[in-house]
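A short write-up of the structure that comes next.
The values are calculated or read from the model by the stated rules, or taken from the named source; none is laboratory data. Note that the coordinates shown come from a computational prediction; the quantities given were computed from them, not determined experimentally. A quick note on method: Cβ atoms are made from the backbone with ideal geometry, for glycine too, and the neighbour counts reach across all protein chains shown. For the accessible areas, the whole protein counts, side chains as well, though only heavy atoms, and no ligand, DNA or RNA atoms are used. Shrake-Rupley method; radii C 1.70, N 1.55, O 1.52, S 1.80 Å.
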Amino acid sequence: MTETSDNRQAGVMAARIDAEIGALPILNTPSVRGVRRRFSRRLREAPAEFVLELAHRLMQDYGYRWVAYELIHDHPAA
């Protein structure tokens, strides 16, 4: 199965989220939630399918289950 452009973009964004979380000086819920909020604002107008793919990547590739759930929860169409 070939990876679509949206799937690749979701993978790239998941890697960016992981990098930002990994660069946090203090790894706790409020700081991780701050990263998630920044990305939620960026994704406000994104298609629901993209947000769902991103959430899937965050869970499968990086183990960020609650970050993925919150991205979906805060997206109007997802």
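A few remarks follow.
- Listed conditions (1) closer than 15 Å to Gly11 by Cβ; (2) open to solvent by 60 Å² or more (accessible area, probe 1.4 Å) are all met by Phe39, apart from (2).
- Within the set Arg57, Arg65, the sole residue that is open to solvent by less than 70 Å² (accessible area, probe 1.4 Å) and either out of contact with any Phe, Trp or Tyr (no Cβ under 6 Å at 6 or more places or on another chain) or on the phi < 0 side of the Ramachandran plot (or both) turns out to be Arg57.
- Arg33 open to solvent by 90 Å² or more (accessible area, probe 1.4 Å) and modelled with pLDDT of 95 or more: no
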